[in-house]
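Asker: Before we start, here is the structure in question, set down as structure tokens.
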Amino acid sequence: MAHIEFLDETMRDGQQSLWGMRMQAGMALPVAPLVDKTGFRVIDLAGSSLMEVMIKHARENPWEGLDLLVDAMPRTRLRGGMRSNASVTFGVTPDALMDCWMRQLNEHGVRSFWIYDVLFNIDKMHRLAKVAKEYGSEVAGAVMFALSPVHTDEFFAEKAGQLAASPDIDTILLYDTAGVLEKERLKTLVPAIKAKIGDTPLEFHANNILGLSGKAYVDIIEYGVTILHTASRPMANGPSVPSTESVVRNIELLGHTHDLDTSLFQPVADHFRAVGQAAGFLVDQFNEYDVLAMEHQIPGGMTGTLKAQLAQYNMTDRLADVLEETAVVRRELGYPGMATPFSQLVGTLAVLNVVTGERYSVVPDEVIQYAAGFYGDPVAPVEPDVMDRIMSSSRAKEVVANPPEQPTIEELRKRYGTKNDDELILRALVPEHDLKAMWAAGPVARDYPLLSSPELDEARRLMKVANSPVVQIRSEAMNLTLRRKGA
């Protein structure tokens, strides 16, 4: 029997997958102390995309919100995540700014990190890990799983071994964004990786997009993996990870042990469910098995983005065509792993191919940069005829002639007009007008007004069933009249 450690994804992958990164600090603060007391090995919390969304959509200073959450969870190590060569942008971020980003997260109290790169620029991952070690932080080197003819057990094992060779890498994180791993593959993949990484611990994260990942969590324990990523039930499943509640029950039934205080599961779940429902966000999701998803491997959160892109052209009925086209584009581009930024680049290109009716007639700059190797070497060659179409596009010559720059941190501070590195990162992430709106909005709210009550719940129920144009509700606490539009 094994002793299982849990990493909580409620406030990072859970809200990224279900809430589109729109979890404001005040939405989590009321129960953050309970999550902190639950006994998780690590609580995943911070990422550059979260910071961008907080500024643009919530007008909330992400550094201030991060500080509030860090202060509320002093017992547990908190995790931040980053790509090896980019922050928010789908392009390439200068190394100096990535190093600065790593240092500032540490300065704000983040002490665990996962670093990933689906093209496996190992040298850049190692460099960022070394920066984290300036603060004594834990670092997980991520192996982003994907299905393709080139993504063999040997491929992943070799990359894991290269990552683990650095003394600055503490764990290896096997990350299944599409939730496609099953026992048949785990029984060969995990031993191959463990043979290369030796005693380095292996973590497992799988998004439950196909409904398979809960079983994969149970199966992978057989092969010596004892660190599992889960989320509170309302923030779990669907495009998110399996729920802590279900995985804990399963491992207990199998005789494994853990250190979690299960009495805290329900109040945490009740809180996030209430906030999600009040804000109009997804909670308590479940997906059905989809064979096509095994081919396109689009992360769950990307489906909403594709729908929004099609809606701009009044073509939402073409989603199935876009998903099929995504699988084709992914093959033609050399099977990039379907995580940021390539899930977005492949998906957007598929939308453009369907919308225009002429494949590769419109090619985004980022796809040109990928084909030119600006992100690193593709895991397989781009198909020759597709490469010709990309490089003959109207923007190709200019993009290729301007590879990513590598300014120093001093040059970046001068460019953005600040010596404060917190502010430097914000200015590099978002436009000035968004920052001005954020600063004008005032301090970060420490709670979230739950737009729900027994009375309002009753009002919603009545409005659904009432045939009359006007509904009146009276109670000791409220006198409410609701009129349908036009009544």
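Asker: With the calculation restricted to Cα positions, what are the radius of gyration and Dmax of the chain in angstrom?
Answerer: Cα only, the chain: 23.2, 73 Å (Rg, Dmax).
Asker: What trypsin sites (Lys or Arg not before Pro) in the range 1-79 are in a loop by DSSP, with at most 15 other Cβ atoms within 10 Å of the Cβ?
Answerer: Answer in residue order: 75.
Asker: Kindly report the accessible area of the chain per residue (heavy atoms of protein chains, probe 1.4 Å, no ligands, DNA or RNA), in Å².
Answerer: 42
Asker: Of the accessible area of the chain, with the probe set at 1.4 angstrom, what percent is carbon plus sulfur?
Answerer: With neighbouring chains kept in place, the figure for the chain is 50 percent.
Asker: Considering only the chain, what is the antiparallel percent among its DSSP beta bridges, to the nearest 5? Numbers along the way, then the final one.
Answerer: Numbers: 5 of 39 bridges.
If I count the DSSP bridges inside the chain, around 15 percent turn out antiparallel.
Asker: Ranked from highest to lowest mean number of other Cβ atoms within 10 Å per residue, what is the order of the peptides 368-377, 436-445?
Answerer: 368-377, 436-445
Asker: List the residues, sorted by chain then number, that are 5 or more residues from residue 173 or on another chain and whose placed amide H is less than 5 Å from its amide H.
Answerer: Amide H neighbours of residue 173: 141, 142, 143, 203.
Asker: Let me ask something else about it. What order do you get for 403-409, 130-136 when each peptide is scored by the mean count of other beta carbon atoms within 10 Å, highest first?
Answerer: Ranked by mean Cβ neighbours within 10 Å, highest first: 130-136, 403-409.
Asker: While we're here: Among 86, 116, 58, flag the residue with its Cα farthest along the positive direction of the charge dipole of the range 53-138, charges on Cβ as +1 for Lys/Arg and -1 for Asp/Glu.
Answerer: 116
Asker: For residue 326, what accessible surface area do you get with a 1.4 Å probe? Give it in Å², rounded to 10.
Answerer: Roll a 1.4 Å probe over it and residue 326 shows about 0 Å².
Asker: Next question. Read phi for every residue in the range 273-289 and hand back ³J(HN,Hα) as whole Hz from Karplus 6.51 cos²θ - 1.76 cosθ + 1.60, θ = phi - 60°, with x for Gly and Pro.
Answerer: 5, 5, 5, x, 5, 5, 8, x, 9, 6, 9, 6, 8, 9, 10, 9, 5
Asker: How large is ³J(HN,Hα) for each residue in the range 72-85, as worked out from phi by the Karplus curve 6.51 cos²θ - 1.76 cosθ + 1.60 (θ = phi - 60°), to whole Hz, x for Gly and Pro?
Answerer: 7, 10, x, 7, 10, 5, 9, 10, x, x, 7, 6, 6, 9
Asker: Shifting gears a bit: Take the alpha carbon gyration tensor of the range 215-346, find the square roots of its eigenvalues, order them as a ≥ b ≥ c, and report rounded if a/c is under 1.5; if not, report prolate when a/b exceeds b/c, else oblate.
Answerer: Because a/c hits 1.5 or more and a/b fails to exceed b/c, the range 215-346 counts as oblate.
Asker: Could you give me the ³J(HN,Hα) list for the range 338-346, computed from phi with Karplus coefficients 6.51, -1.76, 1.60 and θ = phi - 60°, whole Hz, x at Gly and Pro?
Answerer: 8, 9, 3, x, 6, 4, 5, 5, 5
Asker: Find the relative contact order for the range 188-317 and round it to a whole percent, using C-alpha pairs within less than 8 Å whose residues are 6+ positions apart.
Answerer: This gives 26 percent for the range 188-317.
Asker: Follow-up. In the full protein assembly as shown, how much of residue 356 is accessible to a 1.4 Å probe, in Å² to the nearest 10?
Answerer: 60
Asker: Amide H to amide H under 5 Å from residue 113: which residues, 5+ apart in sequence or cross-chain, H placed 1.01 Å off N in plane?
Answerer: 80, 138, 139, 140
The values are calculated or read from the model by the stated rules, or taken from the named source; none is laboratory data. Since the structure is predicted, the reported quantities are computational estimates derived from the model, not experimental observations. Backbone-built Cβ (ideal geometry, glycine too); neighbour counts: all protein chains shown. Each accessible area value is taken on the protein alone, full model and side chains, heavy atoms only, with ligands, DNA and RNA left out. Shrake-Rupley method; radii C 1.70, N 1.55, O 1.52, S 1.80 Å.
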